[in-house]
Amino acid sequence: MTTYDRGDVIFVEIAFSGAVGRKRRPAVVISSDAFNTAGIKLIVAAITSNVSPPFRPGDTLLKDWNAAGLLKPSAVRGVLATVDKADVVRKLGKLSTGDFTMVEQSIANVLGFLASTTASTP
């Protein structure tokens, strides 16, 4: 069975919200490694290649998008989803520590959490 770690960039089938159907999209695993190993779900943040301003609160432009396995300049959206591990098509790569730290801070701000002052490793 494939394992997924915090900061992994994956290609996953995501259900449309408010409509019938699914689409394959890149996403980054946000949930803790303990959560990821304990069940069949992952908490992810959407990744988009639409990097034109204006940006929404929670959007994080990735500096090391190519090293993360993405094909185009990309941004992580402050939009979270819960997905089944069975819907993961494949792993693409992993966010750099710097990019993941910025994503964590952006998501913490969107959710109204106080962002940690210590950097965490994806």
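Return the loop-located trypsin sites (Lys or Arg not before Pro) in region 1-66 (DSSP other than H, G, I, E, B) with at most 13 other Cβ atoms within 10 Å of their own Cβ; answer none if there are none.
Numbers: sites: Arg6, Arg22, Lys23, Arg24, Lys41, Lys63; in loops: Arg6, Lys63.
Qualifying residues, ordered by number: none.
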Neighbours of Gly98 by Cβ distance under 9 Å: Lys/Arg at +1, Asp/Glu at -1, summed charge -1
Those chymotrypsin sites (Phe, Trp or Tyr not before Pro) from region 1-62 that are DSSP loop and have at most 16 other Cβ neighbours within 10 Å turn out to be Phe16, Phe55
From DSSP H assignment alone, runs of 4+ in the chain each adding -39500 (n - 2.57), the sum over residues rounded to the nearest 500 puts [θ] at 222 nm at -5000 deg cm²/dmol
Comparing Ala75, Ala38, Ala67 in a Gaussian network model of the chain (Cα, 10 Å), the one with the largest mean-square fluctuation is Ala38
Links exceeding 21 Å between C-alpha atoms in this model, out of Lys41/Lys94; Lys63/Lys85; Lys41/Lys91; Lys41/Lys72, come to Lys63/Lys85; Lys41/Lys72
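Relative contact order for the chain: what percent, with Cα pairs under 8 Å and sequence separation of 6 or more?
28 percent
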Straight-line reach check, Lys23, cutoff 20 Å on alpha carbons, 8 or more apart in-chain or any other chain, hits among aspartates and glutamates -> Asp8, Glu13, Asp84, Asp87
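No value in this document is a laboratory result; all are computed from the given coordinates. What you are looking at is a predicted structure, and each value in this text was computed from that prediction instead of being measured. Methodologically, a virtual Cβ is constructed for each residue, glycine included, from the backbone with ideal geometry; neighbour enumeration extends over all protein chains shown.
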